[in-house]
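Before any comments, here is the structure.
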């Protein structure tokens, strides 16, 4: 199982790595703090637990590039208003030719999907952890419990904010962004299979370290490098 010192050590190391890689994001954050609480327009963005917010310079399809030039696979799409990917050409052309756009009031996190798609529970349990994975349409979430919660009380009881923050920071430092404060992943039609494989690899390496097991893949790369079209 995962002990508290292992989580704290991972969090501290990854926070230092984040600071080294994102000087420009930190500078923008300091400027934004003059105008916004937590440096951002919406307070939940601070729930990522990063030393400074991740500011985005450019986004396309299922990837974004931060202010410091690092590329990220974006699996937090609904929280950035991009359920179809960032700047999808076909949708952009369709919207550009219309004076009015009809939207569903209250549509959030794939709520429409949840009304029509059966929930699928997938086995997990990697690295000896009693966790599960739930998928609803294009939404997937790994949960820190053996079976999916049935209500809000059970969902809250299954959360471990320190552990989740450390995992999220680990992923972010290696170019993978997922939804903050829980471990939800959102896939769009242009998300590539290789991006999903990389998520599984990096997450597996993170859990291997936290459970004090040796990863078979060798040392982690510091980042994915600059974004390329």
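Coordinate-derived values only; no laboratory data. Just so you know, these numbers come straight off a predicted model, no measurement behind them. Neighbour counts run over all protein chains shown; Cβ positions are idealised from the backbone, glycine included.
Taking label points 7 Å from Cα along the Cα-to-Cβ direction, residue 43 and residue 30 give a separation of 2.6 nm.
Note on residue 8 and residue 87: the model spin-label points, each 7 Å out from Cα along the C-beta direction, lie 4.5 nm apart. Peptides 187-193, 17-23, 63-69, 174-180, ordered by how many other C-beta atoms sit within 10 Å of their residues on average, highest first, read 174-180, 63-69, 17-23, 187-193. Let me make sure I get this right: for the stretch 1-54, a, b and c are the square roots of the gyration tensor eigenvalues over alpha carbons, sorted descending. Under 1.5 in a/c it's rounded, otherwise prolate if a/b > b/c, else oblate. Which is it? Note, shape of the stretch 1-54 comes out oblate.
With both labels modelled 7 Å from their Cα along Cα-to-Cβ, the residue 57 to residue 136 distance reads 3.7 nm.
Peptides 146-155, 52-61 ranked from most to least packed, by the mean per-residue count of other Cβ atoms within 10 Å: 52-61, 146-155.
By its C-alpha gyration tensor, with a ≥ b ≥ c as the square roots of the eigenvalues, how is the stretch 133-193 shaped: rounded for a/c under 1.5, else prolate for a/b larger than b/c, else oblate? Here the stretch 133-193 falls in the oblate category.
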